[in-house]
Amino acid sequence: MHPAYTIVYYALRGNNSGILNSQFSKYGCLVTDMSEIEKYTTKNIDEDVTMLLTAEVLEIIDSLHAVDIIPANIKADNIFLMKKLCYHVTHRTLQSIDFGAPIDMKLLKKGQLFSCVQNDKSLNSVEMREG
């Protein structure tokens, strides 16, 4: 799954923020790409393409879960299209670029439950807001 995660070439860290320098994506993030498709074609993205992209996002999440990490801030803004789409199963096109709020379950007791991740409640998932 290595190609699914951004490689950081250089990083700056501040008290409450950071800057990462990584590979440029000339295709942009999923939100932008989907908006552009709808804007120029007046149609939503094709169902086959949606399934392909969804499978790749789920593989990214699954690989994190396999090492006991919960990606608490996964969203289309944080997923970049790095290559042209290809239907070959080993061809990875997506890359996760933001790990601003991951939860490493190895650091917590077994069975730990969560009600909130951040002070800004709007950033919490529906599952966390509903308990």
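Spin-label model, N15/H91: points 7 Å from Cα along the beta carbon direction are separated by 4.9 nm. Accessible area per residue for region 8-105 is 68 Å², calculated with a 1.4 Å probe on protein heavy atoms, without ligands, DNA or RNA.
Rounded to the nearest 0.05, what FRET efficiency do E47 and I103 give with R0 = 35 Å and r taken as the Cβ-Cβ distance? Could you check? The pair E47/I103 has a calculated efficiency of 0.60.
Partners of K110 within straight-line reach, counting lysines whose Cα lies under 28 Å from its Cα and excluding those fewer than 8 residues away in the same chain: K75, K121. The apolar share of the surface of region 8-105, taken as the fraction of accessible area on carbon and sulfur atoms (1.4 Å probe, ligands and nucleic acids excluded), comes to 56 percent.
Placing unit charges on the Cβ atoms of the charged side chains and taking the dipole of region 8-105 about its Cα centre, the candidate lying farthest along the positive direction among I37, I97, N15 is N15. Other residues within the sphere of radius under 10 Å centred on the Cβ of M82, judged by their own Cβ, net out at +4 (K and R +1, D and E -1).
The values are calculated or read from the model by the stated rules, or taken from the named source; none is laboratory data. Treat the numbers as computed from the prediction; the structure is a model and nothing was measured. Because the Cβ atoms are built from the backbone with ideal geometry, glycine has one as well, and the counts that use them run over all protein chains shown. Just so you know, the surface numbers come from the protein's heavy atoms only, side chains and all, with ligands and any DNA or RNA stripped out. Shrake-Rupley method; radii C 1.70, N 1.55, O 1.52, S 1.80 Å.
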